[in-house]
Amino acid sequence: QTNSPSTAGAWRLATGYRADSFHGRNLQQLVQDLAQQGGLTIELHAQGKLAPLAEIPRAVREGRAEMGEAIMSGMAAQWPVAGADSLPFMVRHYDDARWLWQVQRPLVEEALKPDGLRVLMAVPWPPQGLYSRKPIARAADLQGMRMRTYNRTTERLAQLVGATPVDVPMVKVGEAFAAGQIDCMITSAATGVENEVWRHVRHYYDINAWFPKNLTFVAEAAWLRLDAAAQARLGEASARAEERGWAESARVAAASMLALREAGMTVQGPGATLLNDIKRLGERFSLEWVREVGAPANRLLIPYYARSAPRS
Ligand code: PCA
C-alpha cells in the first residue's frame, strides 16, 4: 500500500480517475474553494495512486485517506443500495438521474454510516452508450465479443449477452483496445473521448443505459475532528461542487458526442431490435436487483417510479 506523504495537517482526497477529467477538475475546484476559505487544506491524489479505485472506500475507512471519490456502483457488493445507480435502462435523462439521487441519498447515507463513511456529494457520469468495433443490430450480435467491464452491472450484462467480460480500468481503455484485448464496451461518450477510442472503434450507440455517479465521502473520524464551522464549510462547498458537477456532466455529455462524431465515429440511436433487447435486459436486471437487495429496494424503486416520467 502506498501511504502517500501529506503536508502536515493536509487531508488526502483519493480518486481513481484522472485529475484533468471533469470529475477531477470539479474536485480540484472544491479543494480550492476550501483552501480559500482557510482552515482545511486538501491534497488530491488522482488516478488510483493512493489506492486503486475499488479500494478507495476501504482506504478512507482505514484512515489512509480522509476523503475519497469512487464510482458508486462499484460499492454495491458491500452496500447494495449503491447499486441502484447502474440498473440499466431505468434512468434515461439527467432529470430522472437527479430524482434517483434525491431518493437514494438518504439510503446511501444510512448504509455507509455504520462503516464510518459520511456522504458529501454525488456527480453523474454522462449517460452510458455502447461502443463496438462491429455494427450492433441486436443484443445477440455481442455474443462472443470481448466486452470491457468496470463494475458488476457491466460484468453481468456481458454474461447475459454471451460476451466475455474483461475488466479494464477507465484510464487503461485506450491501451486495451490498442492491444486487441477488447471489442466493445458500455461507457460514456466522455470516457470514449478521454481515451481517444476512435482510433480503434467506429460505432457508438447512444443507448442511455444508466447514469453512474461518483460518490465523494469523508471518514466520519476526520469529520469529527473539524469544528462546527469547518463542518458547515465542507458541507456547503460540497453542495456547490455537486451543483457544478451535474451541470458540467450535461455539458460534457453533449460536447463529447460531438467530438466522437467529429473524429469520424458513427454516432446513432439503437435500432428497434436492439432497443427491444435492451428493455428486456433492463427488466431482468431490475428483478435480479430487487431479489438481491430485498425490502430496502422498495424504499427506492417505489418513490422513484412514482415520480419519474417514463419516456422511451
Ligand atoms: N466512465 C467510467 C465509469 C462510467 C464512465 O462513463 C468508466 O468507463 O470506467
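Coordinate-derived values only; no laboratory data. Model, not experiment: these values are computed from the prediction. Quick reminder, even Gly has a Cβ in these numbers, built from the backbone with ideal geometry, and neighbours come from all protein chains shown.
Remark: the range 170-179, residue by residue, has Karplus-estimated 3J(HN,Hα) of 3, 6, 10, 4, x, 4, 5, 5, 4, 7 Hz, where x stands for each Gly or Pro and the curve is 6.51 cos²θ - 1.76 cosθ + 1.60 at θ = phi - 60°. Secondary structure note: in the range 50-190, about 45% of the DSSP beta bridges are antiparallel. How many percent of DSSP beta bridges within the chain run antiparallel, rounded to 5? Antiparallel bridges: around 55 percent, rounded to the nearest 5.
Let me see the pair-distance distribution of the range 162-312: every alpha carbon pair, 5 Å bin width, integer percents in order. For the range 162-312, the pair-distance distribution reads 1, 7, 11, 14, 15, 16, 14, 10, 6, 3, 1, 0. Mean-square fluctuations from a GNM of the chain, with a 10 angstrom spring cutoff on Cα atoms, peak among Arg280, Arg18, Arg244 at Arg280.
Of the residues Leu281, Leu224, Leu300, which exhibits the maximal mean-square fluctuation in a Gaussian network model of the chain defined by a 10 Å Cα contact cut-off? Of Leu281, Leu224, Leu300, the Gaussian network model singles out Leu224 as fluctuating most. Quote the Stokes-Einstein diffusion coefficient, in whole µm² s⁻¹, for the chain, based on the Kirkwood radius over alpha carbon pairs, a temperature of 25 °C and a viscosity of 0.890 mPa s. In µm²/s, the coefficient is 123.
Most mobile of Arg251, Arg61, Arg152 per a Gaussian network model of the chain (Cα springs, under 10 Å)? The residue with the greatest mean-square fluctuation here is Arg251. The HN-Hα couplings worked out from phi for the range 61-78 by the Karplus form 6.51 cos²θ - 1.76 cosθ + 1.60 (θ = phi - 60°) are 4, 8, x, 7, 8, 7, 10, x, 10, 9, 6, 4, 5, x, 9, 5, 4, 8 Hz, whole numbers, x standing for Gly and Pro. Net charge dipole, the range 108-207: roughly 280 debye, given to the nearest 20, about the Cα centre with Cβ charges of +1 for Lys and Arg and -1 for Asp and Glu. Taking only the C-alpha atoms of the range 29-157, the Rg (one decimal) and the largest Cα-Cα distance, Dmax (whole number), read 17.4, 56 Å.
Applying the Karplus relation 6.51 cos²θ - 1.76 cosθ + 1.60 with θ = phi - 60° to the range 90-95 yields 3J(HN,Hα) values of 9, 9, 10, 9, 4, 4 Hz, where x marks Gly and Pro. According to the calculation over all Cα-Cα pairs in the range 167-233, the P(r) per 10 Å bin from zero is 16, 36, 16, 17, 14, 2 %. Entry for the range 1-94 at q = 0.16, 0.23 Å⁻¹: log10 I(q)/I(0) = -0.71, -1.16, Debye formula applied to identical alpha-carbon scatterers, no solvent contribution. What share of all Cα pairs of the range 268-310, in percent, falls into each consecutive 10 Å distance bin? Histogram of Cα-Cα distances, whole percents per bin: 24, 41, 28, 7. Shape descriptor for the range 93-222: Rg over Rh equals 1.04 (Cα atoms; Rh from the Kirkwood inverse mean 1/r). Each Lys and Arg adds +1 at its Cβ and each Asp and Glu adds -1 at its Cβ; summed about the Cα centre, the range 196-253 shows a dipole of about 200 debye.
For Val166, nonlocal amide neighbours, meaning residues 5 or more places apart or on other chains whose placed amide H falls under 5 Å from its own, are Met147, Arg148, Thr149.
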